[in-house]
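Colleague: I'd like to ask you about the structure that follows.
The values are calculated or read from the model by the stated rules, or taken from the named source; none is laboratory data. Values in this document were obtained by computation on a predicted structure and should not be read as measured data. Ideal geometry is used to build each Cβ from the backbone, glycine not excepted, and the neighbour counts take in all protein chains shown. Surface accessibility is based on the protein's heavy atoms, side chains included, excluding ligands, DNA and RNA. Shrake-Rupley method; radii C 1.70, N 1.55, O 1.52, S 1.80 Å.
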Amino acid sequence: MESPITVWQAIAALLAFAAGAAVVAWSFRAGALALAPHAVARVLRTAPLTASFGLVVILAYVVVALLAPVLAPFGEREVVGGEYLPWDEVHLLGTDNLGRDMLSRLIYGARNTVGIAFATTTVAFVVGSVLGLLAATVGGWLDQVLSRAVDVLMAIPALIFALLLLTILGTSIPNMILVIALIDSTRVFRLARAVAMNVVVMDYIEAARLRGEGLGRLILREILPNASAPLVAEFGLRFCFVFLAISALSFLGLGIQPPTADWGSMVRDNATLITFGDITPLLPAGAIALLTVAVNFVVDWMLHRASGLKE
Amino acid sequence: MLQMIAQRLALGVLTLFLISVLIFGAIELLPGDIAEEILGQSATPETVEAFRRELGLDRPAHLRYLDWLGGVAQGDLGHSLANRRPIADLIAGRLANTLFLALYAAVIAVPLSLALGILAALYRNSLYDRAVNVFTLSSISFPEFFVAYILIFFLAQSGLFPSIARVTPGADLADKLHRTFLPALTLTLVVTAHMMRMTRAAIINLLASPYIEMARLKGVGPARIVLRHALPNALAPIINVIALNLAYLITGVVVVEVVFVYPGLGQLMVDSVSKRDVTVVQAAALIFACAYVLLNLVADVLSTLSNPRLVHRR
């Protein structure tokens with residue numbers, strides 16, 4: 001069978017996409033510079049094109065996720081026609097393996113997949129950074145116990161450990177959130193502890209301790225502000241990992257379960273179309289990839305800014 | 001130096017022991033026990049009891065653990081809960097397949113990423129470097145199955161390579177390499193990006209040091225500076241990154257095997273997770289975790305050996 005899209009056409013499309021992305025990113029930056037308050041504009045002016053492109057994409061995803069019911073032409077779980085319908089005026093992207101509107105499910109997927117990934121990251125982040133800061137500040141046996149426990153947990157590859165825990169607990173969305181949050185919190189712990197360790201030894205912390213500040217105040221008011229820049233960047237990176245992990249699990253049929261619209265399982269359900277030269281199943285996968293690329297671009301810029309690297 | 005390597009080995013063995021405890025003990029985390037959880041609400045007390053005896057849950061946990069560990073040490077991984085077959089039989093052929101795929105990917109990925117990384121460091125801030133930077137940053141962020149399906153879309157449809165990597169035991173090597181090319185290429189693309197970025201970073205890091213400036217001042221060419229002066233000192237971080245990515249291959253293999261219906265250990269594990277076949281998942285997890293720990297250990301030892309100051313420490 002002749003492939004409907006050749007490699008050259010794909011490369012041309014890719015170049016066109018890159019050019020379009022550059023234009024969008026540039027005009028977004030120009031627009032934001034004109035509209036945003038002075039302080040924000042000053043930061044934005046330093047953003048490279050990749051970072052402003054990342055910001056546009058993230059913003060677009062948030063808007064789509066929030067307005068999903070308004071934007072989607074059909075319901076999330078509604079069967080609206082035959083199976084695997086091709087693209088036409090009614091179903092812009094055709095229908096899926098059960099005859100549900102592909103575009104609507106893509107839009108709802110933004111809400112479900114990204115929402116769940118965001119919630120998981122938040123849990124992992126809060127647990128990991130609280131324990132990490134605590135371990136660094138208190139030190140002693142608490143630090144030893146937590147650090148060694150994290151060492152052991154990190155010695156097992158993340159996906160393998162997730163699969164093991166999901167077998168035992170059973171596959172469901174709350175279980176998946178818990179398992180992935182647990183696994184990723186170990187990585188956050190490592191970073192939070194390492195960053196806080198460098199802050200804890202400073203003189204002003206000693207002074208604060210002598211002043212008699214309590215543990216909570218010490219962590220929140222004294223240490224956290226000086227540790228926040230790398231932690232914020234870590235949140236972005238962690239989100240990418242969590243997002244990819246959840247998509248991988250859903251793709252394997254072990255994460256977000258049908259009929260909830262989710263990008264990972266959408267790829268799995270419609271994968272047979274690819275062998276017939278239809279790119280529809282690549283769209284949800286592409287949606288995942290685009291968001292992670294965007295977040296990575298922004299994080300890259302933030303890290304660059306925070307470190308003052310010139311390279 | 002021998003003492004240090006012995007130390008690392010001892011630490012590795014300790015880690016393996018703790019991992020085995022964790023993998024075995026994970027079952028104990030459940031509030032009830034695994035028999036009730038798996039059989040569900042509708043099971044009669046008799047079936048639950050029988051299932052429990054089958055798993056040996058009527059005996060204390062530490063005795064069961066010792067039995068399990070003793071069995072594993074002798075190559076007896078127990079029986080599958082789903083079909084009662086010995087796990088060792090289920091795994092044997094699949095493990096070889098998975099190792100073959102990982103090795104195949106590694107043989108392509110390691111030289112490729114080293115070359116690309118060194119070139120990017122040599123011509124840094126050039127158009128090539130920037131393009132490679134954007135490209136690798138993007139491919140790090142792609143889910144494995146996206147890369148896999150893109151490859152299927154472009155390379156399998158035209159009939160160049162099969163999209164389903166079914167390997168028969170008797171096939172000769174060339175045929176096997178052809179059939180498993182797409183999964184291997186997917187894995188290569190996924191790990192190359194990371195490895196080459198780290199290679200580039202490790203070398204660029206060194207290029208700022210005074211001895212490199214000295215070499216430049218005495219008129220050494222850029223290629224010779226990177227290859228003869230910077231690379232040997234960058235070996236330790238590069239070895240670490242290679243090992244880390246080979247370890248990553250081991251987990252990446254799970255998703256890729258499912259996409260290409262490749263009869264490997266990862267696919268067996270995913271199937272067993274949905275069947276809640278705990279014993280098989282435990283065995284597979286143990287094998288994956290062991291490989292992961294061993295690779296990290298090898299990296300640790302090798303990167304020490306690559307540094308003469310650590311080898312000849314007084």
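Colleague: Hey, does the range A:253-261 have a residue that's open to solvent by 10 Å² or more (accessible area, probe 1.4 Å), more than 14 Å from every other protein chain (Cβ to nearest Cβ) and either among the basic types (K, R) or at positive phi (or both)?
Modeller: Of the residues in the range A:253-261, the ones open to solvent by 10 Å² or more (accessible area, probe 1.4 Å) are A:253, A:257-260.
Now restrict to residues that are more than 14 Å from every other protein chain (Cβ to nearest Cβ): A:259-260.
Checking the rest, the ones that are also either among the basic types (K, R) or at positive phi (or both) come to none.
Within the range A:253-261, not a single residue is open to solvent by 10 Å² or more (accessible area, probe 1.4 Å), more than 14 Å from every other protein chain (Cβ to nearest Cβ) and either among the basic types (K, R) or at positive phi (or both).
Colleague: Something else: Is there a residue being modelled with pLDDT under 90, crowded, with 23+ Cβ neighbours inside 10 Å and either more than 14 Å from chain B (Cβ to nearest Cβ) or within 25 Å of B:G266 (Cβ to Cβ) (or both) anywhere in the range A:167-175?
Modeller: Taking every residue of the range A:167-175 in turn, at least one turns out to be modelled with pLDDT under 90, crowded, with 23+ Cβ neighbours inside 10 Å and either more than 14 Å from chain B (Cβ to nearest Cβ) or within 25 Å of B:G266 (Cβ to Cβ) (or both).
Colleague: I would also like to ask the following. Kindly provide the set of residues from the range B:141-181 that are in a helix (DSSP H, G or I), of a type outside the set (S, T, N, Q), within 14 Å of chain A (Cβ to nearest Cβ) and buried (at least 18 other Cβ atoms within 10 Å of the Cβ), ordered by number.
Modeller: At the first step, the residues of the range B:141-181 found to be in a helix (DSSP H, G or I) are B:141, B:144-156, B:173-179, B:181.
Now drop any that are not of a type outside the set (S, T, N, Q), which leaves B:144-156, B:173-179, B:181.
Checking the rest, the ones that are also within 14 Å of chain A (Cβ to nearest Cβ) come to B:144-156.
Of everything in the range B:141-181, those that are in a helix (DSSP H, G or I), of a type outside the set (S, T, N, Q), within 14 Å of chain A (Cβ to nearest Cβ) and buried (at least 18 other Cβ atoms within 10 Å of the Cβ) turn out to be B:E144, B:F145, B:F146, B:V147, B:A148, B:Y149, B:I150, B:L151, B:I152, B:F153, B:L155, B:A156.
Colleague: OK, next. Taking only pairs six or more apart or across chains, which ones have beta-carbon atoms under 6 Å, a first residue in the range A:269-289 that is within 16 Å of A:A248 (Cβ to Cβ), and a second residue that is part of a loop (DSSP other than H, G, I, E, B) and not β-branched (V, I, T)?
Modeller: A:D269/A:N97; A:A271/A:P281; A:I288/B:P143; A:A289/B:F142
Colleague: Give the residues of the range A:197-223 that are in a helix (DSSP H, G or I), open to solvent by 50 Å² or more (accessible area, probe 1.4 Å) and either among the charged types (D, E, K, R) or farther than 19 Å from A:L131 by Cα (or both), sorted by residue number. Break it down into steps so the answer makes sense when it comes.
Modeller: Keep residues of the range A:197-223 that are in a helix (DSSP H, G or I), which gives A:197-200, A:203-210, A:215-223.
If we keep only those that are open to solvent by 50 Å² or more (accessible area, probe 1.4 Å) as well, we get A:197-198, A:203-204, A:206, A:209-210, A:215, A:217, A:220-221.
A:D203, A:Y204, A:E206, A:R209, A:L210, A:R217, A:R221, listed by residue number.
Colleague: For the range B:193-204: of the residues being open to solvent by 10 Å² or more (accessible area, probe 1.4 Å) and not small (G, A, S), which is modelled with the highest pLDDT? Talk me through it step by step, then tell me what you get.
Modeller: Restricting attention to the range B:193-204, the residues satisfying the condition of being open to solvent by 10 Å² or more (accessible area, probe 1.4 Å) are B:194, B:197-198, B:200-202, B:204.
When the remaining residues are screened for being not small (G, A, S), the result is B:194, B:197-198, B:200, B:204.
On the way: B:H194: 81, B:R197: 84, B:M198: 84, B:R200: 87, B:I204: 84.
Ranking the qualifying residues of the range B:193-204, first place goes to B:R200.
Colleague: Follow-up question, since we're still on this one. State whether one or more residues within the range B:205-219 are open to solvent by 30 Å² or more (accessible area, probe 1.4 Å), closer than 26 Å to B:F288 by Cβ and within 12 Å of another protein chain (Cβ to nearest Cβ). Write out each step before concluding.
Modeller: So the first thing to find is which residues in the range B:205-219 are open to solvent by 30 Å² or more (accessible area, probe 1.4 Å), and the list is B:205-206, B:208, B:210-211, B:213-214, B:216-219.
Among the residues that remain, those that are also closer than 26 Å to B:F288 by Cβ are: none.
No: zero hits.
Colleague: Keeping to the range B:237-283, report how many residues are of a type in the set (A, V, I, L, M), open to solvent by 30 Å² or more (accessible area, probe 1.4 Å) and more than 17 Å from the chain's Cα centre (by Cα).
Modeller: Final tally of qualifying residues: 1.
Colleague: One residue is enough: does the range B:97-117 have a residue meeting the conditions open to solvent by less than 90 Å² (accessible area, probe 1.4 Å) and either of a type in the set (D, E, K, R) or over 27 Å from B:H194 (Cβ atoms) (or both)?
Modeller: So the first thing to find is which residues in the range B:97-117 are open to solvent by less than 90 Å² (accessible area, probe 1.4 Å), and the list is B:97-98, B:100-102, B:104-106, B:108-117.
Narrowing further to those that are either of a type in the set (D, E, K, R) or over 27 Å from B:H194 (Cβ atoms) (or both): none.
The answer is no; no qualifying residue exists.
Colleague: Could I ask something else about it? Right, A:A60: outside any helix (DSSP H, G or I), modelled with pLDDT of 75 or more and closer than 28 Å to A:T113 by Cβ or not?
Modeller: Details: outside any helix (DSSP H, G or I): no; modelled with pLDDT of 75 or more: yes; closer than 28 Å to A:T113 by Cβ: yes.
So A:A60 fails the test.
Colleague: Does A:A47 fit the bill of being more than 23 Å from A:R305 (Cα to Cα) and of a type in the set (A, V, I, L, M)? Don't jump to the end; show me each part of the working.
Modeller: On the way: more than 23 Å from A:R305 (Cα to Cα): no; of a type in the set (A, V, I, L, M): yes.
It is false that A:A47 is more than 23 Å from A:R305 (Cα to Cα) and of a type in the set (A, V, I, L, M).
Colleague: Something else about it: Sort out which residues of the range A:176-196 are open to solvent by 30 Å² or more (accessible area, probe 1.4 Å) and within 14 Å of chain B (Cβ to nearest Cβ), and write them in order of number.
Modeller: If the condition is that a residue be open to solvent by 30 Å² or more (accessible area, probe 1.4 Å) and within 14 Å of chain B (Cβ to nearest Cβ), then A:L178, A:L182, A:R187 are the ones that fit.
Colleague: Still on this structure, I have one more. From A:G277, A:G286, grab the single residue that is open to solvent by 10 Å² or more (accessible area, probe 1.4 Å), at the interface with chain B (Cβ under 10 Å from one of its Cβ atoms) and modelled with pLDDT of 85 or more.
Modeller: Numbers: A:G277 fails: modelled with pLDDT of 85 or more.
When all the criteria are applied, what remains is A:G286.
Colleague: Further question: Has the range A:57-71 got any residue that is among the hydroxyl-bearing types (S, T, Y), out of contact with any Leu (no Cβ under 7 Å at 6 or more places or on another chain) and open to solvent by 20 Å² or more (accessible area, probe 1.4 Å)?
Modeller: From the range A:57-71, those among the hydroxyl-bearing types (S, T, Y) are A:61; that's our starting set.
Narrowing further to those that are out of contact with any Leu (no Cβ under 7 Å at 6 or more places or on another chain): none.
Scanning the range A:57-71 turns up no residue that is among the hydroxyl-bearing types (S, T, Y), out of contact with any Leu (no Cβ under 7 Å at 6 or more places or on another chain) and open to solvent by 20 Å² or more (accessible area, probe 1.4 Å).
Colleague: While we're looking at this one, here's another question. Determine which single condition A:L85 fails, assuming it passes every other condition in (1) crowded, with 17+ Cβ neighbours inside 10 Å; (2) under 13 Å from A:M266 (Cα atoms).
Modeller: (2)
Colleague: Is the range A:233-251 home to any residue that is out of contact with any helix residue (DSSP H, G or I) (no Cβ under 8 Å at 6 or more places or on another chain) and either crowded, with 24+ Cβ neighbours inside 10 Å or outside any helix (DSSP H, G or I) (or both)? Step through it out loud before you land on a result.
Modeller: Just the residues of the range A:233-251 that are out of contact with any helix residue (DSSP H, G or I) (no Cβ under 8 Å at 6 or more places or on another chain), to begin with: none.
Checked the range A:233-251: no residue is out of contact with any helix residue (DSSP H, G or I) (no Cβ under 8 Å at 6 or more places or on another chain) and either crowded, with 24+ Cβ neighbours inside 10 Å or outside any helix (DSSP H, G or I) (or both).
Colleague: So which residues in the range A:235-274 are charged (D, E, K, R) and modelled with pLDDT under 90, if there are any at all? Lay out the reasoning, then the answer.
Modeller: We begin by selecting, within the range A:235-274, every residue charged (D, E, K, R); these are A:238, A:262, A:268-269.
Hits for the range A:235-274 are A:D262, A:R268, A:D269.
Colleague: Scan the range B:25-50 for residues that are more than 14 Å from chain A (Cβ to nearest Cβ), open to solvent by less than 60 Å² (accessible area, probe 1.4 Å) and modelled with pLDDT under 75 and report the count.
Modeller: In the first step, residues of the range B:25-50 are kept if they are more than 14 Å from chain A (Cβ to nearest Cβ); the result is B:42-50.
Right, trim to open to solvent by less than 60 Å² (accessible area, probe 1.4 Å) and you get B:43, B:48, B:50.
Adding the requirement that they be modelled with pLDDT under 75 leaves B:43.
Counting residues in the range B:25-50 that are more than 14 Å from chain A (Cβ to nearest Cβ), open to solvent by less than 60 Å² (accessible area, probe 1.4 Å) and modelled with pLDDT under 75 gives 1.
Colleague: How many residues, within the range A:113-142, are surrounded by fewer than 18 Cβ atoms within 10 Å (Cβ to Cβ) and more than 26 Å from the chain's Cα centre (by Cα)?
Modeller: Within the range A:113-142, residues that are surrounded by fewer than 18 Cβ atoms within 10 Å (Cβ to Cβ) and more than 26 Å from the chain's Cα centre (by Cα) number 5.
Colleague: Please go through the range B:107-140 and pick out each residue that is in a helix (DSSP H, G or I), among the polar types (S, T, N, Q) and within 12 Å of another protein chain (Cβ to nearest Cβ).
Modeller: Filtering the range B:107-140 for residues in a helix (DSSP H, G or I) gives B:107-122, B:127-140.
Next cut, among the polar types (S, T, N, Q) only: B:113, B:133, B:136, B:138-139.
Selection gives B:N133, B:T136, B:S138, B:S139.
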